[in-house]
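Heads up: the structure comes next, in structure tokens.
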Amino acid sequence: MLLKLQRSTPSGNTLAGTLYIDGKYYCDTIENNSHKIQTGFYPVRLTQSPSWGEVLPLIDRVIGRSGIRIHPGNTAADSTGCILVGRRSDKDVQGHPLKEPRLLSSRKIFNPLRDQLLAIQRSHEPIFLEISNH
């Protein structure tokens, strides 16, 4: 399975992107721009996260870093290097523009993603993440 993250131009400290699974759009992403992962090709496996207390996708072989995961969250402040998933919004609940985009429905988007990745891992098919900039 190939996950592909295509990043957009940063907005403040928020680095928005789009996540594709085997070439098909899955969801939007946000990263903390000051802690972003280098572009490249990474193996992914699902393991128990000590800090989250649940199974999360772990991005392996990130140079000089460890414990980098894909998980739910809403803003770049919710990440110190991980990739957050959800539906991107550029407006607040009153419809006013936000300085930096945020994610909505993050847990609702994340849970099926994790289930799908767990099924792939159980079938012993490798999972990879390719990160690129627009």
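Tabulated values for the structure
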read-out: The chain - mean residue ellipticity at 222 nm from DSSP helices (-39,500 (n - 2.57) per run, n ≥ 4, rounded to 500); value: -4500 deg cm²/dmol
read-out: Heavy-atom accessible area order for Thr29, Thr80, largest first, 1.4 Å probe; value: Thr80, Thr29
read-out: Phe41 - accessible surface, heavy atoms, 1.4 Å probe, Å² rounded to 10; value: 120 Å²
read-out: Rg/Rh (Cα only; Kirkwood hydrodynamic radius) as it applies to segment 16-103; value: 0.98
read-out: Ranking by accessible area, most exposed first, for Val85, Val93, Val55 with a 1.4 Å probe; value: Val93, Val55, Val85
read-out: Simple spin-label estimate for Ser49 and Lys108 in nanometres, 7 Å along Cα-Cβ; value: 2.0 nm
read-out: Heavy-atom accessible area order for Tyr42, Tyr25, largest first, 1.4 Å probe; value: Tyr25, Tyr42
read-out: Relative contact order (%) - criterion: Cα under 8 Å, at least six apart; region: the chain; value: 31 percent
read-out: Loop-located trypsin sites (Lys or Arg not before Pro) in segment 57-93, at most 14 other Cβ atoms within 10 Å (DSSP); value: Arg61, Arg65
read-out: Pairs beyond 22 Å (Cα-Cα), from Lys36/Lys108; Lys24/Lys108; Lys4/Lys91; value: Lys36/Lys108; Lys4/Lys91
read-out: Area accessible to solvent at Ser34, 1.4 Å probe radius, in Å²; value: 80 Å²
read-out: Helix 106-122 axis, angle to the chain major axis (alpha carbon atoms, nearest 10°); value: 20 degrees
read-out: Local electrostatic count at Ser105 - Lys and Arg +1, Asp and Glu -1, tallied over other residues with Cβ under 13 Å; value: +4
read-out: Per-residue HN-Hα couplings for segment 32-39 [Karplus 6.51, -1.76, 1.60; θ = phi - 60°; Hz; x = Gly/Pro]; value: 7, 4, 7, 10, 5, 7, 5, 4
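The values are calculated or read from the model by the stated rules, or taken from the named source; none is laboratory data. Computed from a predicted structure; not experimentally measured. Glycine also receives a Cβ, built like all others from the backbone with ideal geometry; neighbour counts cover every protein chain displayed. Keep in mind that these areas ignore ligands, DNA and RNA; they rest on the heavy atoms of the full protein, side chains included. Shrake-Rupley method; radii C 1.70, N 1.55, O 1.52, S 1.80 Å.
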